[in-house]
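The next block holds one structure in the form of structure tokens; read it before the comments.
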Amino acid sequence: MKIVIIGAGAFGTSLAVSACRNPVGHSVELWARSESQALVLQGERQNARYLPGIPLPHDLVLRGGDAATLAGNTGRVDLVVVATPMSGLRQVLTALRGTTAPVAWLCKGFEPAQDETAPFPFGLLPHEVQRQVAPELIAGALSGPSFAQEVARGQPTALVATSRHAQVREALVEAFHGLTLRVYANDDLPGVEVGGAVKNVLAIATGLADGMNLGLNARAALITRGLAEMSRFGQALGGRSETFMGLSGLGDLVLTATGDLSRNRRVGLLLAEGKSVADAVQSLGHVAEGVYCARTVLQRARHVGVEMPITEGVVALLDGELKPVEAVAALMGRDPKGELL
């Protein structure tokens, strides 16, 4: 296959390295946001900012340019992977209009609302953005529990390829399934995307609990009740319940809520130390999508009538309405109810 990966951040770079490692012998191009960035990567043969210490394969082609330039180079490609943050997805998908190759994105989250006066003034999931700007694309997502560093090092990882189009799922499996990376197919695109977005918000909550030394019981309760919130919300947006017991639901939640490499969990830990949200985000040096999509998750949950108390507590914390100890007290002080309600 000829694979083009747009976005030379941590995960885009790690997947490019992984695809080059595949014994099938793919041709892989990694596109940076500018020619100057591509020249730096070519000269150093590593992505020192996002994946320091990981050598870039000699056969990985490095290019750079804006979205329009990228789109002009997808004519003879078997798979286009968009590895930008959620904030950059709309621009890239707009530039990719008319592309006939399968397209898949890696970002997890909700896009901020474009127009709060519109009939539907809420942020959108990635597939909803694509449906707005480039509905003709044959598109989907690659998601699941994965830290970029471990993928790049060749440590065992399992991902899920999701799309309504079998062609996209098959292309993702062919491109990335290998000796250390397993790729499972799932046609529940809304469910997979909700899992990938909401787990980031819940990881802030578990990081907060860990930072406050609330104990392993508290962590287990947050993960389990968080999974219930995620599942209720995801089904209201068109996902299937079984998806949330899979890689993009439970799997991604456990990894992000407990892993030391999790940026969203790190935000919670820093908030527990008394850091401001701005200082916590700045100290990461990377995007923590949970900070940016938490309010949208809560807005949309209220719109569809789904109760998400953990998410509500995270939003109040991020907005400065509650201090960490007050957020915990608010959760523990809720009225009793049946577990499965």
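The values are calculated or read from the model by the stated rules, or taken from the named source; none is laboratory data. Please read these numbers as outputs of a predicted model, since none were measured by experiment. Neighbour counts are summed over all protein chains in view; Cβ atoms, including those assigned to glycine, are modelled from backbone coordinates with ideal geometry. Surface accessibility is based on the protein's heavy atoms, side chains included, excluding ligands, DNA and RNA. Shrake-Rupley method; radii C 1.70, N 1.55, O 1.52, S 1.80 Å.
Tabulated results
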quantity: Cα coordinate range in the stretch 92-216, projected on the principal axes (Å, largest first); calculated: 51, 48, 22
quantity: Point-to-point label distance, V24-L284, nm (Cα→Cβ direction, 7 Å offset); calculated: 3.2 nm
quantity: Kirkwood-Stokes translational diffusion coefficient of the stretch 7-46, alpha-carbon pairs, 37 °C, 0.692 mPa s, µm²/s; calculated: 308 µm²/s
quantity: For the stretch 201-285: Kirkwood Rh in Å [reciprocal of mean 1/r, alpha carbons]; calculated: 13.2 Å
quantity: Volume per residue that the Cα convex hull of the stretch 278-329 spans, once the total is divided by residue count, Å³; calculated: 76 Å³
quantity: Degrees separating the helix 289-303 axis from the principal Cα axis of the chain, which is the longest one; calculated: 60 degrees
quantity: Radius 12 Å from Cβ of T311, net charge of other residues (Lys, Arg +1; Asp, Glu -1); calculated: +3
quantity: Ratio of the Cα radius of gyration of the chain to 2.2 N^0.38 Å, where N counts its residues; calculated: 0.97
quantity: Accessible area expressed per residue, the chain, with surrounding protein chains retained (probe 1.4 Å, Å²); calculated: 43 Å²
quantity: Under 23 Å between alpha carbons - lysine pairs in the chain that sit 8 or more apart or on different chains; calculated: 4
quantity: Cα long-axis angle, helix 216-236 against the chain (0 to 90 degrees, to the nearest 10); calculated: 70 degrees
quantity: Candidates L15, L214, L298, ranked by Gaussian network fluctuation over the chain, Cα under 10 Å, top entry; calculated: L214
quantity: The stretch 186-242, dipole about Cα centre (Lys/Arg Cβ +1, Asp/Glu Cβ -1), debye to the nearest 20; calculated: 220 debye
quantity: 0 to 90° range, to nearest 10: angle between helix 86-95 axis and the chain longest Cα axis; calculated: 40 degrees
quantity: Relative contact order %, the stretch 134-203, counting alpha carbon pairs below 8 Å whose residues are six or more apart; calculated: 31 percent
quantity: Cleavage-rule hits (GluC sites (Glu not before Pro)) in the stretch 285-341: DSSP loop, at most 12 neighbouring Cβ within 10 angstrom; calculated: E321, E339
quantity: Cβ-placed point charges (K, R +1; D, E -1), dipole of the chain about Cα centre in debye, nearest 20; calculated: 340 debye
quantity: Apportionment of accessible area to carbon and sulfur, the stretch 136-284, percent (1.4 Å); calculated: 52 percent
quantity: MRE, 222 nm, helices only [DSSP H, n ≥ 4, -39500 (n - 2.57), over the chain, to nearest 500]; calculated: -14500 deg cm²/dmol
quantity: Relative contact order (percent, whole number), the chain, Cα cutoff 8 Å, 6+ residue spacing; calculated: 14 percent
quantity: Built amide H within the under 5 Å cut-off of Y184, gap 5+; calculated: L159, V160, A161
quantity: Sequence-separation-based contact order of the stretch 245-311, relative, with Cα cut under 8 Å and 6+ spacing, percent; calculated: 19 percent
quantity: Computed over the stretch 1-97, the ratio Rg/Rh where both radii use C-alpha atoms and Rh is Kirkwood; calculated: 0.94
quantity: The stretch 245-334, Rg to Rh (Cα coordinates; Rh as Kirkwood inverse mean 1/r); calculated: 0.96
quantity: As computed over the stretch 148-290, the Cα convex hull volume per residue (Å³); calculated: 113 Å³
